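> My structure is below; once you've seen it, I'll send some questions.
The values are calculated or read from the model by the stated rules, or taken from the named source; none is laboratory data. Bear in mind that the values here come from a model prediction, so they are computed numbers and not experimental data. In this analysis, Cβ positions are derived from the backbone assuming ideal geometry, glycine residues included, and neighbour counts consider all displayed protein chains. In case anyone asks, the SASA skips ligands and DNA or RNA and just uses the protein heavy atoms, side chains included. Shrake-Rupley method; radii C 1.70, N 1.55, O 1.52, S 1.80 Å.
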Amino acid sequence: MPQTFKDPAAQATELAKATKELKADGDVIAGALTEEGAKSQFRAGNAKDVSGSVRFWIKEGALTKYEVKAKGKMERNGN
């Protein structure tokens, strides 16, 4: 785990770059992940039919939290 650890600011930056488009709604900035961005959320296997989204909460110009959701199909031992 320590070899792949990224601090939250680096993770948020990567997620923002992996979106199709970001839109602001009040203190929340959200967007859909690209296919590659969604695939990158799966650490093992080869996910198919992937999709995902990300939301960032901003307060007084600072990132206070973020949420990423990803879903897809994976095969394991033919299942």
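> Could you list, in sequence order, the residues of segment 4-27 that are loosely packed, with under 11 Cβ neighbours inside 10 Å, of a type in the set (Gly, Ala, Ser) and part of a loop (DSSP other than H, G, I, E, B)?
The answer is GLY26, and nothing else.
> Still on this structure: GLN41 versus (1) closer than 30 Å to ARG76 by Cβ; (2) open to solvent by less than 70 Å² (accessible area, probe 1.4 Å); (3) assigned to a strand (DSSP E or B): which is the lone unmet condition?
Going through the list (1) closer than 30 Å to ARG76 by Cβ; (2) open to solvent by less than 70 Å² (accessible area, probe 1.4 Å); (3) assigned to a strand (DSSP E or B), GLN41 breaks only (3).
> On to the next question. Looking at segment 49-79, which of its residues are farther than 16 Å from ALA9 by Cα, surrounded by 11 or more Cβ atoms within 10 Å (Cβ to Cβ) and not hydrophobic (A, V, I, L, M, F, W, C)?
Those that are farther than 16 Å from ALA9 by Cα, surrounded by 11 or more Cβ atoms within 10 Å (Cβ to Cβ) and not hydrophobic (A, V, I, L, M, F, W, C): SER51, GLY52, SER53, LYS69, LYS71, GLY72.
> How about segment 38-47: which of its residues are in contact with a helix residue (DSSP H, G or I) (Cβ under 9 Å, 6 or more places away or on another chain) and more than 17 Å from PRO8 (Cβ to Cβ)?
ASN46, ALA47
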